[in-house]
Amino acid sequence: MTSDTTDSTETVETDAGTARITWHRARRPRLVLAAGHGAGGGIEARDLRALAAALPAHGVTVALVEQPWRVAGRKVAPAPKTLDAGWRGVWPALAAPGLPVVSGGRSAGARVACRTATELGARAVLALSFPLHPPGRPEKSRAEELLGAGVPTLVVQGGSDPFGRPAEFPGYGGGRDRAGARTVVGDGWAYDLVEVAHGDHGLAVPKRAGITQEEAVAVVTDAVVRWAASLA
């Protein structure tokens, strides 16, 4: 049987240093999903791996982006402006296939995607485990970044994420369900949010949760597949 994906890796020079893109290419792509990692890990995160495995069969090429600080082997992420510079630097390579590009990432990578989406011409934003605030510091909200993305946005959030549970997100109580996602609408902004029940910041679920880890990951991939189809 013919595979739905072909994989390759390339390095890209940016103003922040050398970045790396791992491509998981669909045979008949209609979108590119570019996904960056967080400040505490790399592209081996469970949700990024799952999306790279699942989406090519649905016509979405997945590009997993490693920021220069990770490629260089450093342990601590740099300032947001440096992360943004690295993301801007890889964008021409992400757009090179000539397809609409969804800008995405998990945690700090989601913040980068939101901050740069409009200027880079992203088709949409995928925010995995958006860090709405530091743990225990809800007054330090980063909601402005999310609400300012300026393009269709899907948030996938763990129900027990200490960086922001779904109910803490702006307007969440007034949303409506749509194809498994809650659409949240405010004054001049809107986004969709999917909750992974009992998930933490890494979307891991405890054994007592009543949902297996495989089922939790399937919530992520199923939601993104449906949402990506709506963008085409």
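The values are calculated or read from the model by the stated rules, or taken from the named source; none is laboratory data. Quick caveat: nothing in here was measured; it's all calculated off a predicted structure. Neighbour counts run over all protein chains shown; Cβ positions are idealised from the backbone, glycine included. Accessible surface areas use protein heavy atoms only, side chains included; no ligands, DNA or RNA. Shrake-Rupley method; radii C 1.70, N 1.55, O 1.52, S 1.80 Å.
Between ALA34, ALA113, ALA197, the Gaussian network model of the chain with springs among Cα atoms under 10 angstrom shows the greatest mean-square fluctuation at ALA197.
Which value, in debye to the nearest 20, describes the size of the charge dipole of the chain about its Cα centre when Lys and Arg Cβ atoms bear +1, Asp and Glu Cβ atoms bear -1, and nothing else is charged?
140 debye
Apply the Karplus curve 6.51 cos²θ - 1.76 cosθ + 1.60, θ = phi - 60°, to the phi angles in the range 115-120 and return the couplings in whole Hz, x for Gly and Pro. Values per residue, Gly and Pro as x: 5, 10, 4, 5, 5, 8 Hz. TYR191 contributes an accessible area of around 10 Å² to the protein surface, as traced by a 1.4 Å probe with all chains present.
Our note on the geometry: Cα centres of the range 61-99 and the range 203-232, 25 Å apart. Which is the longest stretch in the chain that no exposed loop site breaks, taking sites as trypsin sites (Lys or Arg not before Pro) with a DSSP loop state and at most 13 other Cβ atoms within 10 Å? Answer - 141-232. The apolar share of the surface of the range 9-127, taken as the fraction of accessible area on carbon and sulfur atoms (1.4 Å probe, ligands and nucleic acids excluded), comes to 51 percent.
The residues neighbouring PHE169, those whose beta-carbon lies less than 13 Å from its own, together hold a net charge of -3 under the Lys/Arg +1, Asp/Glu -1 convention. Counting only other residues whose beta carbon sits under 9 Å from that of PRO80, what net charge do I get with K and R as +1, D and E as -1? Neighbour charge sum, excluding PRO80 itself: +2.
State in Å² the accessible area per residue of the chain; use a 1.4 Å probe, count heavy atoms of protein chains only, and round to the nearest integer.
It amounts to 45 Å² per residue over the chain.
Under a Cβ-Cβ cut-off of 12 Å, what is the net charge of the residues other than LEU132 that fall near it, where Lys and Arg count +1 and Asp and Glu count -1? It works out to a net charge of 0. Using a Gaussian network model of the chain in which every pair of alpha carbons under 10 angstrom is joined by a spring, one finds that among ASP47, ASP187, ASP161 the greatest mean-square fluctuation is at ASP187.
Ordering LEU203, GLY173, PHE163 by the projection of their Cα atoms onto the charge dipole of the chain, which places +1 on the Cβ of Lys and Arg and -1 on the Cβ of Asp and Glu, puts LEU203 at the extreme positive end.
Residues whose amide H falls under 5 Å from that of THR183, counting only those 5 or more places apart or on a different chain, are ARG176, ASP177, ARG178, LEU193, with hydrogens built in the peptide plane.
Once all protein chains are placed together, HIS37 keeps about 10 Å² accessible to a 1.4 angstrom probe.
Springs join every pair of Cα atoms under 10 Å in this Gaussian network model of the chain, and among SER129, SER107, SER160 the largest mean-square fluctuation is at SER160.
With Cα atoms defining each centre, the range 137-152 and the range 101-125 are spaced 12 Å apart in the structure. Put simply, the amide H of GLY199, placed in the peptide plane, has neighbours under 5 Å in GLY159, SER160, leaving out anything fewer than 5 places away on its chain. Phi angles of the range 126-140 translate, via the Karplus equation with coefficients 6.51, -1.76, 1.60 and θ = phi - 60°, into HN-Hα couplings of 10, 10, 8, 6, 4, x, 4, 7, x, x, x, 10, x, 6, 8 Hz per residue; Gly and Pro are given as x. Working note: Karplus 6.51/-1.76/1.60 with θ = phi - 60° gives the range 165-170 the couplings 7, x, 5, 7, 6, x Hz, where Gly and Pro are set to x.
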